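The values are calculated or read from the model by the stated rules, or taken from the named source; none is laboratory data. Treat the numbers as computed from the prediction; the structure is a model and nothing was measured. Here the Cβ positions follow ideal geometry from the backbone for every residue, glycine too, while neighbour counts run over all protein chains shown. Heads up: the accessible areas ignore ligands, DNA and RNA and are worked out on the full protein's heavy atoms, side chains in. Shrake-Rupley method; radii C 1.70, N 1.55, O 1.52, S 1.80 Å.
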Amino acid sequence: MNTINRYLPIVCLAAGLSSWSSCSSKEEVKAEPIDETYAVQTEKMLVNVDTLYTEFDNPWGMTWLGDGKMLVTEKKGEILIFKDDKFTGEKIQGLPEVWTINQSGLMDITVHPNFDENGWIYISYGKPMPDSTSSTTIMRFKLEGNNAVNQEELIQSLPAWKGGRHLGSRIVFDNDGYLYYSSGERGDTPSNAQDLTNSHGKIHRIHDDGSIPADNPFVATEGAMPSIWTYGNRNPQGMYFDKENNKLYAAEHGPQGGDELNLIEKGKNYGWPVITWGIDYNGTPISDIQEKEGMEQPLTYFVPSIATSGITMVTSDKYPAWKGDILIGALAKMHINRVDMDGAKALSQEVMLQDIGRVRQVSQSPDGYIYAITQGSGLMVKLIPIR
């Protein structure tokens, strides 16, 4: 089994939990005591880690369809279909070709807020372009059986760029049905993030059909990409929209140090590479300043880097001690980072499930459970609260 050794007992425990939960007496429903031998004690909660799948290569995004089905993307260009927490053995067919160099590939996936009515599924991927270049691309499709049909390409991050670094890219919808997607600055040219004439190093806002909202902040700016919502973002691979409070959050990779959790607000500049709390990979400074007027400070930052990836906010009553907190997947440091939040203010942090693997995404399901997917260890896990 392709799991980290310390989690093997938890896999066995989860199997045991599944068996007793369905075997209660028909005459008297009586909950048996939970065996906590291999439970994981976090600072505020005791949870079981139920290992649902162990054979991922490089999973990236996950979403639920509402009929018990879950879709998980693999960077190599596949979408796996799960049903009731089990892999069905089936995959979505007919997907577009993806550019799978370095960090590029099939990335995020989400469903339209009105999926039950319109059936639209949205993906982000690195699209191969002429002259060995690629572009972060957003497209949508519908399902006919397991086939991706009615495919519509909505927007690309331009110009197309050589190499496979820093493509972003998460997709979220807000309460008004606008789609936001993140696009990295492509790695070798950090100044892209400050240049409004290209799409790189930005968070973008579009209508669900790819058209540009008239009230985007740079629509009237000559030469600017009209889809830009914010700029100065290095490589945001985590994004979450808080529907209750109407706030957008993003986590982005810093260089060596300086990963950030940001509150994303219309038209603002998040500073990269003019200001940063990190240094270059060779140990030299990138900038001699960490703050500048007109540039936003992160809610919190990470030195050394944890390699922030997908994020979610806990809104479920199943985790009362975590409610309102943000969970961040850590790739390099291989854990889930819980940021204790007071509204939109970041307080203390907790490292949870250390060494579980390179956590690419953390998501909350429609029925309120926390799931995580990992690279390296190839896991999908479900956190089951005990108390």
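Laid out as a table, the results:
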| quantity | calculated |
| --- | --- |
| Percent accessible area from carbon and sulfur atoms, the stretch 238-387, protein chains only, probe 1.4 Å | 47 percent |
| Residues of the chain: accessible area per residue with a 1.4 Å probe, Å² | 42 Å² |
| For Gly184, distant residues with modelled amide H under 5 Å away | Leu167, Gly168, Gly201 |
| For the stretch 172-180, 3J(HN,Hα) per residue [Karplus equation, 6.51 cos²θ - 1.76 cosθ + 1.60, θ = phi - 60°, Hz, x = Gly/Pro] | 9, 10, 9, 5, 9, x, 6, 9, 10 |
| Nearest-20 debye value, the chain charge dipole, Cβ charges on Lys, Arg, Asp, Glu | 500 debye |
| In range of the label at Lys91: residues from the stretch 40-80 whose backbone nitrogen is under 14 Å from the point 7 Å along Cα→Cβ | 55-60, 72-80 |
| Count, lysine Cα pairs under 13 Å in the stretch 56-110, 8 or more residues apart or across chains | 5 |
| Long-range amide H partners of Leu106 with built H, under 5 Å | Lys76, Gly77, Gly126 |
| With Cα atoms, 0 to 90° folded angle of helix 8-21 axis to the chain main axis | 60 degrees |
| From phi via Karplus (6.51, -1.76, 1.60), per-residue ³J(HN,Hα) for the stretch 239-254 in Hz, x at Gly/Pro | 7, 8, 9, 7, 5, 5, 10, 6, 10, 10, 10, 9, 10, 10, 6, x |
| Global geometry of the stretch 244-337, whether rounded, prolate or oblate, following the gyration tensor of its Cα atoms and the 1.5 cut on a/c | oblate |
| Cα gyration tensor category, rounded, prolate or oblate, for the stretch 92-218 with a/c compared to 1.5 | oblate |
| Under the Karplus curve 6.51 cos²θ - 1.76 cosθ + 1.60, θ = phi - 60°, whole-Hz ³J(HN,Hα) for the stretch 260-271, x wherever Gly or Pro sits | 10, 10, 10, 8, 8, 10, 3, x, 8, 9, 9, x |
| Tail beyond 39 Å, pair distance distribution of the chain (Cα, percent) | 15 percent |
| Where Cα atoms sit under 18 Å apart: lysine pairs in the stretch 131-283 separated by 8 or more or lying on different chains | 7 |
